[in-house]
Amino acid sequence: MNRASEARDELDRLGRALRRQLVPLIRDLTVRVHLRRLALDAPKVAGRGEPPRHHYAADYQGNRPGGVSASETASRASSALRAAGWDVTASREDDDGILWTVVDADRDGTRIRVLTSGDTAAVVVRGWTPALDLSPDRRGSAPGLEPRTD
C-alpha cells in the first residue's frame, strides 16, 4: 500500500470515529433525529493551500426536547464530551441578535462544536477531522500523515 492510500485510510478512519462520536451526542441532545442528514460520504477540501488538504466535516441541526433549556443542553454536551476524553471549552457568541452558547471540544485534532440558544429550540452540532494531505508528492514521495497545523 502506498503512502497516499495510507493517508486516505487514516482520514476515512478519522471520519468514522467522528461519526461514532456525533451520533450518540445528537441522539442525546435533539429530538426526532434523522441521521441520514449526518452523511460523511467523501472528504472535502479543508482550505486553500498547496498541496490541498482534505478532511471530513459534518453539520447537523435538530431541536432540543421541550422543557430542556439551552443551558442544560450545553451542560449535557460538555459532560458527555468530557466523559469521552475531549478537551472542552464553552463560550457565548452573538449571531445576528441570537446569543448562542457554544461548546467546543478537541481531541487529537478532531473538533466538535455544539451551539444552542434560549432564543431558538435549534441545536447545531458540527464536527471536523484533522486535515490531511492525500495527494502524492510531485517528486514521487508520499504525502504526510500529520494533521494540518495552520
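The values are calculated or read from the model by the stated rules, or taken from the named source; none is laboratory data. Remember, it's a predicted structure, so these values are computed and weren't measured experimentally. Here Cβ is always computed from backbone atoms with ideal geometry, including for glycine, and neighbour counts include all displayed protein chains. Remember, those area values only see protein heavy atoms, side chains included, never the ligands or the DNA or RNA. Shrake-Rupley method; radii C 1.70, N 1.55, O 1.52, S 1.80 Å.
Taking R13, is it part of a helix (DSSP H, G or I) and not hydroxyl-bearing (S, T, Y)? When the stated conditions are applied, R13 passes them. If you check G144 against the conditions, is it of a type in the set (G, A, S), under 12 Å from the mean Cα position of the chain (by Cα) and either part of a loop (DSSP other than H, G, I, E, B) or at pLDDT 95 or above (or both)? No: the conditions fail for G144. When the residues of region 1-34 are narrowed to those that are among the aliphatic types (A, V, I, L, M) and at pLDDT below 90, which ends up farthest from R64 (Cα to Cα)? Selected residue: M1. None of V23, V68 is in a loop (DSSP other than H, G, I, E, B) and touching a helix residue (DSSP H, G or I) at 6+ places or on another chain (Cβ under 9 Å) except V68.
So in region 95-117, with the set limited to residues that are aliphatic (A, V, I, L, M) and surrounded by 15 or more Cβ atoms within 10 Å (Cβ to Cβ), which one is nearest to S78 (Cα to Cα)? Within region 95-117, the match that is nearest to S78 (Cα to Cα) is V103. From the residues in region 72-91 that are aliphatic (A, V, I, L, M) and farther than 15 Å from A122 by Cβ, which one is most open to solvent (accessible area, probe 1.4 Å)? Ranking the qualifying residues of region 72-91, first place goes to A83.
Inside region 51-105, can you point out the residues that are basic (K, R) and under 22 Å from P130 (Cβ atoms)? The answer is R53, R82. Please work out if D28 is of a type outside the set (F, W, Y), within 25 Å of G118 (Cβ to Cβ) and outside any helix (DSSP H, G or I). No.
Could you check, for region 1-13, whether at least one of its residues is touching a Pro at 6+ places or on another chain (Cβ under 7 Å) and among the basic types (K, R)? Yes, the conditions are met somewhere in region 1-13. Hey, can you tell me all the residues within region 1-42 that are aliphatic (A, V, I, L, M), more than 15 Å from V124 (Cα to Cα) and surrounded by 20 or more Cβ atoms within 10 Å (Cβ to Cβ)? Hits for region 1-42 are A7, L11, L14, L18. Residues of region 43-71 that are out of contact with any Gly (no Cβ under 9 Å at 6 or more places or on another chain), open to solvent by less than 80 Å² (accessible area, probe 1.4 Å) and hydrophobic (A, V, I, L, M, F, W, C): A46, V68. Contact map, region 92-103: residues that are under 16 Å from V125 (Cα atoms) and in a strand (DSSP E or B) paired with residues that are open to solvent by 60 Å² or more (accessible area, probe 1.4 Å) and of a type in the set (A, V, I, L, M), Cβ distance under 8 Å, separation 6+ or inter-chain. Pairs shown: R92/L99; E93/L99; T101/A90; V102/A90; V103/A90.
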